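Nothing in this text is a laboratory measurement; each read-out follows from the coordinates by a stated rule. None of the values given here were measured: they were computed from a predicted structure. Cβ atoms come from the backbone with ideal geometry, glycine included; neighbour counts cover every protein chain shown.
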Amino acid sequence: MALLVHKYGGTSVGSLERIEAVAARVARHCAEGHRVVVVVSAMSGETNRLQALGLDLGGQAVPREMDVLLASGEQASAALTAIALKGLGVPAQSFLADQLPIRTDSAHTRARIEHIATEALCDALDGGVVPVVAGFQGLAVDGSITTLGRGGSDTTAVALAAALKADECQIYTDVDGVYTTDPRVVSSARRLPRVTFEEMLEMASLGSKVLHPRSVEFAGKYGVPVRVLSSFEEGPGTLITLEEDDSMEQPLVSGIAFTRDEAKISVRAVPDVPGVASSLLGPVSACGIEVDMIVQNLANDGGQNDFTFTVKRGDYDRALAVVRDAADALGAGPVVGDAKIVKVSVVGVGMRSHAGVATQMFAALAKENINIQMISTSEIKISVVLDEKYLELAVRTIHDTFGLEGAEGEG
Ligand code: ADP
Ligand code: ASP
Ligand code: MG
């Protein structure tokens, strides 16, 4: 008998039929003697719909109200799931974030969970009631509703599992586990029976949206066993493990992540003097824009550099305007940008002990005539920036190069 947190994503609660299927699984696990806490996302498409409505009215400038709006999607699915459970004769009760509460900081639309009060959940569980918690939402110290960033229901689930010391956090979604890369892009992608928490953190942060990056952070920090599973069929899914399995030889590359959400800005002929990077990027960060990759190289002997960095595509226009002003003030050359780039990354703890992964990856891209615009590396990942038209080809090529397709390992 275990304490389980089940999390169901948008597609898994996308219709009344799907919600009934969710209720049936929860009922089955309860009948097997487990105690279950359910976390739900909004029905698929609902958060996009609400976001578009708010943004059309200028909601970008009113993040507090955007959060009230966005959080309503999860409120509806929590209630519907509780109703469906009761329909099956399973005692259930919905909980909104402010009813527990789930405390967050005040960073609207990207808040971080700070504390979860578990008393109400424990009381419900002790009384044989299944709590159905609205994912993605939180409560700031000033009493306003927050949301955790798109995809954030995963983080609600793992944080709850940590707070309740659950035996496992089961993330039910529309794929049957974590794959070597997005199976919607590479059909020969393979389900990974296990993936280390470190690799999963890199993959999630580098764009594999199967798990919200902060949920993986929580799993690592609090040692929560997380399993990604299909809500449509039974199967072992993928276990996110905290320890590397010494008995198994680590593959060089475990997975490939990518993101289309990128844009690049270059400042030409920047004077090669101290303080330049900070003069260019300071104003960008001051606007709350996150900078990802940065490359600077000496362009000529006259003491001038080219300075290039990437930002999220949604921040591109704002970043370009800010950097143009900063470049003028520095007496630098023209500022040029490209919002049609993508980032492709290979991830694997096996890279630590093996050189040559980068060379192999670059050679594979060269063979397909794919130009690499920027490169960044860390101990267990290599990322390249490419023209967006090469995304699918690049991912497939790299997937083949590292032999990631093929039969599944042990489940
Ligand atoms: P949910 O609504 O259940 O939270 P998401 O759409 O957020 O589901 O995440 C699941 C999706 O993540 C899959 O449908 C798949 O297209 C995508 N994905 C990206 N990378 C991977 C990967 N490496 N393994 C599995 N799925 C991935
Ligand atoms: N409904 C929210 C979103 O679409 C949160 C989630 O699904 O995890 O981003
Ligand atoms: Mg998701």
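The table that follows gives values for the structure above.
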| item | result |
| --- | --- |
| Among the listed pairs Lys7/Lys343; Lys7/Lys312; Lys209/Lys381, those beyond 19 Å (Cα-Cα) | Lys7/Lys343; Lys7/Lys312 |
| Cα gyration tensor, the range 1-149 - rounded (a/c under 1.5), prolate or oblate | oblate |
| Extension gain, Gln99 back to Ala339 (0.36 nm per residue minus Cα-Cα distance, nm) | 82.2 nm |
| Residue-averaged 222 nm ellipticity for the chain, from DSSP H runs of 4+ at -39500 (n - 2.57), nearest 500 | -10500 deg cm²/dmol |
| Highest-fluctuation residue, Asp182, Asp387, Asp123 considered, GNM on the chain with Cα pairs under 10 Å | Asp123 |
| Longest to shortest principal axis, alpha-carbon extents of the chain, angstrom | 77, 50, 32 |
| Per-residue Cβ neighbour rank within 10 angstrom, fewest leading, Thr81, Thr118 | Thr118, Thr81 |
| Förster radius 30 Å - calculated FRET efficiency between Leu53 and Asp400, Cβ distance, rounded to 0.05 | 0.10 |
| Tensor-based shape of the range 81-219 (alpha-carbon gyration tensor, a/c under 1.5 rounded, otherwise prolate or oblate) | oblate |
| Pair-distance profile P(r), taking every C-alpha pair of the range 216-360, with 10 angstrom steps and integer % | 9, 27, 24, 22, 13, 4, 0 |
| Computed lengthening from Asp174 to Val62, 0.36 nm per intervening residue step minus Cα-Cα distance | 37.1 nm |
| Extent along principal axes [Cα atoms of the range 349-395; Å; largest to smallest] | 32, 17, 16 |
| Protection proxy ranking, peptides 140-146, 189-195, average beta carbon neighbours within 10 Å, highest first | 189-195, 140-146 |
| Given the chain, longest segment not containing exposed loop GluC sites (Glu not before Pro) (DSSP; at most 16 other Cβ within 10 Å) | 33-232 |
| Inter-label distance for Arg260 and Asp142, nm, one decimal - labels placed 7 Å from Cα along Cα-to-Cβ | 3.6 nm |
| Stretch gain in nm, segment Lys165-Ala120, where the contour uses 0.36 nm per residue and the Cα spacing is subtracted | 14.7 nm |
| Cα pair distances of the range 296-411 binned at 5 Å [whole percent] | 2, 9, 17, 17, 16, 14, 11, 8, 4, 2, 1, 1 |
| Taking the convex hull of Cα positions in the range 159-298, its mean projected area over all directions (nm²) | 12.4 nm² |
| Cα→Cβ-extended label distance, 7 Å offset, between Ile83 and Glu20, nm | 1.4 nm |
